[in-house]
Amino acid sequence: MSANFTGTGVAVVTPFHAYGTIDFSALENVLNHVITGGVDFVLALGTTSEAVTLSKDEKNAVLNFFVETVDKRVPIMLGVGGNNTQEVVNCIKSLSFEGIDSVLSVAPYYNKPQQKGLYYHFKTIAGACPLPIFLYNVPSRTSGNISAETTLRLAEEANNIVGIKEASGNFEQIMEIIKNKPDDFKVLSGDDMLTLPLLSIGAEGVISVVANAFPKEFSSMVKMGMNGQFAKARDIHFRLTEIIKALFADGNPSGIKAALDILGICSNNLRLPLVKVNKSVFNQLKLLIDEFDFQA
C-alpha cells in the first residue's frame with residue numbers, strides 16, 4: 001500500500017467562511033483543483049489544514065467530506081498525531097478509517113522527548129493502527145528531531161511504519177536514511193524548496209504546500225525529477241522558487257491561502273492564532289502569480 005504514496009502529495013488547506021465556519025464548497029474546489037492538476041495523493045488534516053484549530057466534530061466532518069469528494073480518485077493520507085501517546089492511540093481506535101489509505105503522524109511537540117521516547121511513541125502508535133504509517137519529522141515546529149538512527153530502527157522493527165515525511169532540512173540526516181533504509185521504506189520531502197534536490201539523492205516524492213495552488217506545475221516537476229529529467233525539472237523548480245519563498249514569508253498556511261485567494265480558488269480566511277499575510281507579502285504574491293507562466 002505504501003507504493004501508492006510516491007510522487008506528489010498535497011497537504012490540503014481547510015477553507016473557512018469569513019464568519020469562521022468551514023467552507024465545504026471551497027474545500028471541494030481545492031480538492032478538485034489538485035486532483036485534476038495531477039497530484040498523486042492528498043493529505044487530510046495535516047499542518048496546512050489548521051487541524052489544531054478544528055474541533056473533533058469538525059475534523060470528522062472534514063474527513064468524511066474528503067472521502068466522499070475524492071471518491072477514490074487518489075489515495076488519502078490522514079494526519080493523526082500529538083504529544084500524548086495514549087490520546088493518539090485513543091484517536092486511532094475511535095476512527096473507522098473507511099476510505100483512508102495511510103496515516104501521517106507528527107513527532108511529539110512541546111514536551112521534547114528523548115530518542116528513546118520517540119521510538120516508543122511511534123512503536124505504540126504502530127501497534128494500534130490498522131493502516132500504513134508515515135512518520136513526520138519537522139523540528140522547526142516540534143522543537144525535536146527524529147534522528148536517522150531512530151527512523152531506521154522504526155523502519156526495521158515496525159512493519160506498518162512504511163515511510164517518513166522529512167522536513168528537517170538536514171541533508172546529511174536524510175541521506176543517511178535513504179542510504180540505509182529498507183527498500184520498501186519511502187522518504188518524502190516535507191519542504192517544497194528542497195524537493196528537487198532530495199529527489200536527486202533518492203527521495204520518492206513530497207507532501208507539498210505549493211501544490212494546493214500549482215498542482216500541475218509542481219507534480220510535473222516531481223515526475224520529471226523521479227524520471228531523471230533534471231534539466232526540465234530544474235526549469236519548473238526555478239520558476240516556482242520565488243513564489244515558494246513568498247508563500248512562507250509570513251508563515252504557513254497564511255501564504256498558501258493568500259495565493260489560493262488570488263487564484264480565485266478559496267477565500268483568504270484563517271483561524272486564530274493565525275492571521276492573513278501582511279499587505280506587502282500579499283502584493284508580492286499577487287505580482288508573482290500574475291507574472292507566472294502556467295505552462296508546465
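Taken together, the values in this text are just the output of simple stated rules run on the coordinates, not laboratory data. No experiment lies behind these values; they were computed from the predicted model shown. A quick note on method: Cβ atoms are made from the backbone with ideal geometry, for glycine too, and the neighbour counts reach across all protein chains shown.
Listed values, structure above:
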quantity: The range 29-73: number of residues that are charged (D, E, K, R), in a helix (DSSP H, G or I) and buried (at least 16 other Cβ atoms within 10 Å of the Cβ); calculated: 1
quantity: Inter-residue pairs, beta-carbon under 7 Å, first under 15 Å from THR195 (Cα atoms) and in the range 162-178, second of a type in the set (Ser, Thr, Tyr) and part of a helix (DSSP H, G or I), 6+ apart; calculated: ILE164/THR151
quantity: Pair list, Cβ < 7 Å and 6+ apart or interchain, from the range 8-29 residues that are within 20 Å of VAL275 (Cβ to Cβ) to residues that are of a type in the set (Asp, Glu); calculated: THR14/GLU50; PRO15/ASP23; PHE16/ASP23; HIS17/ASP23; ILE22/GLU58
quantity: Residues of the range 1-28 satisfying the condition of being among the polar types (S, T, N, Q) and buried (at least 18 other Cβ atoms within 10 Å of the Cβ); calculated: SER2, THR6, THR8, THR14
quantity: Those helices (runs of 4 or more DSSP H) lying entirely in the range 199-296 with at least 1 residues over 22 Å from VAL30 (Cβ atoms); calculated: 215-226, 230-247, 279-291
quantity: Helices (runs of 4 or more DSSP H) contained entirely in the range 114-178, each with at least 3 residues that are buried (at least 21 other Cβ atoms within 10 Å of the Cβ); calculated: 115-128, 148-157
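One line per residue, one yes/no per condition, for (1) of a type outside the set (A, V, I, L, M); (2) surrounded by fewer than 17 Cβ atoms within 10 Å (Cβ to Cβ); (3) more than 15 Å from ALA11 (Cβ to Cβ); (4) out of contact with any His (no Cβ under 8 Å at 6 or more places or on another chain):
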residue	(1), (2), (3), (4)
MET77	no, no, no, yes
VAL80	no, no, no, yes
ASN90	yes, yes, yes, yes
PRO108	yes, no, yes, no
